[in-house]
Amino acid sequence: MTNSDSLKKTIITFSIAGVLFANPVFVQADLGDQTLKQGMDHKDVQVLQEHLVNLNFLNLEETTTYYGEKTINAVKEFQYSQGLNPDGSFGSETFEALKKILDLKPLVYENLLKEGEEGKDIKALQERLKILGFLDIDECTTYFGSETRQAVKDFQKLYGIKVDGVAGYETIEAINEALKGNKRKVNPSASRGGSRDSSLGENIVATAKKYLGTPYRYGGNSTNGFDCSGFTQFVYKQIGINISRSSSTQAKDGKQVSRNDLQIGDLLIFTGTSGSNPGHTGIYIGDNKFIHASSGKQSQVIITDLNSGYYSRRFICGRRLF
């Protein structure tokens, strides 16, 4: 898949600018009549940015009418999430995907939804969990399986709800509020204090190691497969830290730290195979080692020595996110 200051997109909450969700006609009136793309300056761009902020794909202190790099990256993240070609332009297909989301009605709680059950309510639940970035499946179904249960648990963990994988009244209401852009209590373990929390760094590393061996997949940001920035975004998200989606934007998240100052849990930024721009990311796990989704020979999530010639030459910096 993820701009405003050195701590941008840190603790996962959703913008309270959700008033736009109450009026889906608004998007029809202002968007969809033309393709929005890089370099354009138009009032429709600002409308688009407001929707992307509400959906947590874009983090801006103030929206603008200019279609720049931040908007491009946010649109790409949105396109990734919807299974569209991530070209960064806002055309008819992307507009229809956005409109479909904005037209969603709130979930209605009638009974507990849990693993093993079937029904149209489960498909509606899956659709919303997918939009919020907690469920990565190609097609939503009417069956509540293990993936849906895990997605519910991940949502509950981040929103301070009892983590049981069952969608009850509190979870349903929290999902509705999240889709409207309203803030909700976040997992206390993700709260920030005045100093760095070393136990949080250890938690990040432990979480990352759970996915060792997961295959590399370009554009992937789920347990079905990760690319490098999809992996780092996914891991930090599990413990309540939200970062942007691409390696180039992750290189601006948090606070920069040098190699000598790296601490467990820091995000690592490397150049790509050519040039000097950010093109790869990983997570520092201590002892000059890092974990990352490698597209190399092994093509999976692996642990690599930071002193290895390839990565030592391409290391740019660390980014401290908590």
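Each 5 Å bin from 0 upward holds the following percent of the Cα-Cα pairs of the range 120-179: 4, 21, 37, 27, 11, 1. The charge dipole of the range 192-320, taken about its Cα centre with unit charges on the Cβ atoms of Lys, Arg (+1), Asp and Glu (-1) only, comes to about 200 debye.
Look at the dipole of the range 120-179 built from charges on Cβ: of 134, 168, 148, the Cα furthest out on the positive end belongs to 168. Overall, the ratio between the Cα radius of gyration of the range 38-82 and 2.2 N^0.38 Å, rounded to two decimals, is 1.02. For the residue pairs 70/162; 43/153; 153/297; 70/153; 70/105; 99/153, the alpha carbons lie more than 32 Å apart in 70/162; 43/153; 153/297. The length gained by stretching the chain between residue 173 and residue 120 to full extension, at 0.36 nm per residue less their Cα-Cα distance, is 17.3 nm.
We did not get these values from a lab; they are worked out from the coordinates using the rules stated. Computed from a predicted model, the values in this text were never measured in an experiment. Because the Cβ atoms are built from the backbone with ideal geometry, glycine has one as well, and the counts that use them run over all protein chains shown.
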